[in-house]
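Participant: Dumping the structure here so I can ask a few things about it.
The values are calculated or read from the model by the stated rules, or taken from the named source; none is laboratory data. This is a predicted model, so every value here is computed, not measured. Glycine gets a Cβ as well: all are built from the backbone with ideal geometry, and neighbour counts include every protein chain shown.
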Amino acid sequence: MHIPDGFLSGGVLGATALGGLAVFSVSSARLKNSPPERIPLLGAAAAWVFAVQLLAFPAPGGASVHLNGVLLCAALLGPWSAALVSFSALLLSALMFQHGGLFSLGANFINIGVIQAFLGFALWRLRPAASSALVIGPLLGFLSGLACAVELYLSGRLASGAGFLLLAGAQAAAGLAEGAVTASLLGALSRLKPGLLRLERV
Amino acid sequence: MKLFYAVLLLSFLAAGLCAHGVSGRAISGGAGLEALYADGEPLSFGEVKVYAPGDAAGPFQRGYTDRNGRFLFSPDSDGRWRLEINDGMGHGLVREVLVKKGAVISSGGPAVIPVPVKLLSGLGVIALLSGLWLHLAARRRLKAAGKA
């Protein structure tokens, strides 16, 4: 779901860049004066998001999907923190390895960071239990895949119908794995480090 | 004379029948790309569009990568050929292949970096940036404490 440069039309690039920039600006402002105790946690969260996005799973048709790691960050640290962490990981991937484009960073940030951080956190708050991630994960995967499909469709890169279903369905399947990993990590943290589940969620 | 016309008619018919025949010959070489995911897995059966130099209107060729993520085509002119590979999942790449005097000069792509190297270098940069941020935040707190 890391859209490379050259895939999206100018209009889609502009709209997603503006949206992504707005979320990035607000999240930076909110986290600017974070206490020093919180910064290593944000760094660890960025490392987690960066690392899991490198691990891909085969999807039907020879394609590949990967975990995003944002749901865990949103549940532990809050939506603005998860969004900023996701942006950092995406920027790093694009700059260092051309994994996702620089011009399409806004689109990738919205698909992976913004949707998963804010919607994930909103759904998590409804029932903050580890098992909730099993349901939230596939739903977030589906919605992220759908957003990606819409952007590709609007840019003339994806035929409607089967392409939409294939992309969103594959991301929902990846979301199942994401939900399972998140649920097991949250379960383990609640036993081993319960304090991490009581952090201020920004 | 009748025999002559009959032979002539038959030869026309035979030529007509042969007009739709297809012959083939093996060719070698060409230009192309190997598309790999970030973890080194090949981008198999991805959709490929090839655009000729200076002709962005429509693709010169369409096709798919093979199971090893490779795609080859035969450029018919010199210049920068643009290849777009799309796996239909939002992943893909756009690369230029430079062809000069019929030979491929460069594919313009980055070197393939092993995942452990990517992981270590990325985590190193994140640790560096987090440490820098932590240093600045701690200094700000110390200053504030000093003023108080």
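Participant: Right, A:V114: surrounded by fewer than 18 Cβ atoms within 10 Å (Cβ to Cβ) and at pLDDT 90 or above or not?
Facilitator: Criteria not met by A:V114.
Participant: Within segment B:85-110, restricting attention to residues that are over 28 Å from A:A170 (Cβ atoms) and modelled with pLDDT of 75 or more, which residue is nearest to the other protein chains (Cβ to nearest Cβ)?
Facilitator: B:E96
Participant: Has segment A:23-44 got any residue that is in contact with a helix residue (DSSP H, G or I) (Cβ under 8 Å, 6 or more places away or on another chain), outside any helix (DSSP H, G or I) and away from chain B (no Cβ under 12 Å)?
Facilitator: Looking through segment A:23-44, none of the residues is in contact with a helix residue (DSSP H, G or I) (Cβ under 8 Å, 6 or more places away or on another chain), outside any helix (DSSP H, G or I) and away from chain B (no Cβ under 12 Å).
Participant: Suppose the filter is under 17 Å from the mean Cα position of the chain (by Cα), within 7 Å of chain B (Cβ to nearest Cβ) and under 19 Å from B:L128 (Cα atoms); does A:A56 pass it?
Facilitator: For A:A56, the condition - under 17 Å from the mean Cα position of the chain (by Cα), within 7 Å of chain B (Cβ to nearest Cβ) and under 19 Å from B:L128 (Cα atoms) - is not met.
Participant: Now a separate question. If we scan segment A:172-180, do we find a residue that is in a helix (DSSP H, G or I), more than 17 Å from the chain's Cα centre (by Cα) and surrounded by fewer than 17 Cβ atoms within 10 Å (Cβ to Cβ)?
Facilitator: No; the residues of segment A:172-180 include none that is in a helix (DSSP H, G or I), more than 17 Å from the chain's Cα centre (by Cα) and surrounded by fewer than 17 Cβ atoms within 10 Å (Cβ to Cβ).
Participant: Can you name every residue in segment A:111-126 that is touching a residue at least 60 places away in the same chain (Cβ under 8 Å), more than 30 Å from B:P114 (Cβ to Cβ) and of a type in the set (A, V, I, L, M)?
Facilitator: Across segment A:111-126, the qualifying residue is only A:V114.
Participant: Would you mention how many residues in segment A:147-163 are under 21 Å from A:G20 (Cβ atoms) and either polar (S, T, N, Q) or buried (at least 19 other Cβ atoms within 10 Å of the Cβ) (or both)?
Facilitator: 8
Participant: Given the condition surrounded by fewer than 17 Cβ atoms within 10 Å (Cβ to Cβ), of a type in the set (S, T, Y) and touching a residue at least 40 places away in the same chain (Cβ under 8 Å), answer yes or no: does some residue in segment A:131-138 qualify?
Facilitator: yes
Participant: Something else now. Hey, does segment A:146-154 have a residue that's touching a His at 6+ places or on another chain (Cβ under 9 Å), in a helix (DSSP H, G or I) and within 13 Å of chain B (Cβ to nearest Cβ)?
Facilitator: No: zero hits.
Participant: Identify, from the list A:A74, A:A45, A:A107, the residue that is surrounded by 24 or more Cβ atoms within 10 Å (Cβ to Cβ), aliphatic (A, V, I, L, M) and under 26 Å from B:F45 (Cα atoms).
Facilitator: A:A107
Participant: Right, another one. Sort out which residues of segment B:65-84 are within 9 Å of chain A (Cβ to nearest Cβ) and in contact with a Phe, Trp or Tyr (Cβ under 8 Å, 6 or more places away or on another chain), and write them in order of number.
Facilitator: Of everything in segment B:65-84, those that are within 9 Å of chain A (Cβ to nearest Cβ) and in contact with a Phe, Trp or Tyr (Cβ under 8 Å, 6 or more places away or on another chain) turn out to be B:T65, B:R67, B:R82, B:E84.
Participant: Here is a list of conditions, (1) surrounded by 13 or more Cβ atoms within 10 Å (Cβ to Cβ); (2) in a helix (DSSP H, G or I); (3) more than 14 Å from every other protein chain (Cβ to nearest Cβ), and A:V202 meets all of them except one; can you say which number that is?
Facilitator: Single failed check for A:V202: (2).
Participant: Shifting gears a bit: Name the single residue that is nearest to the other protein chains (Cβ to nearest Cβ) among those in segment A:66-121 being part of a helix (DSSP H, G or I) and in contact with a Pro (Cβ under 7 Å, 6 or more places away or on another chain).
Facilitator: The residue in question is A:A117.
Participant: Please work out which residue is surrounded by the fewest Cβ atoms within 10 Å (Cβ to Cβ), limiting yourself to segment B:111-148 and to residues that are assigned to a helix (DSSP H, G or I), β-branched (V, I, T) and modelled with pLDDT under 85.
Facilitator: Going through the qualifying residues, I end up with B:V117.
Participant: State whether the residues of segment A:1-16 include one that is of a type in the set (D, E, K, R), part of a loop (DSSP other than H, G, I, E, B), within 11 Å of another protein chain (Cβ to nearest Cβ) and touching a residue at least 60 places away in the same chain (Cβ under 8 Å).
Facilitator: Yes, segment A:1-16 contains at least one residue that is of a type in the set (D, E, K, R), part of a loop (DSSP other than H, G, I, E, B), within 11 Å of another protein chain (Cβ to nearest Cβ) and touching a residue at least 60 places away in the same chain (Cβ under 8 Å).
Participant: Something else: Cβ-Cβ below 9 Å, separation at least six or inter-chain, first residue in segment B:119-139 and closer than 12 Å to A:S93 by Cβ, second of a type in the set (S, T, Y): which pairs?
Facilitator: B:G122/A:S93; B:I126/A:S88
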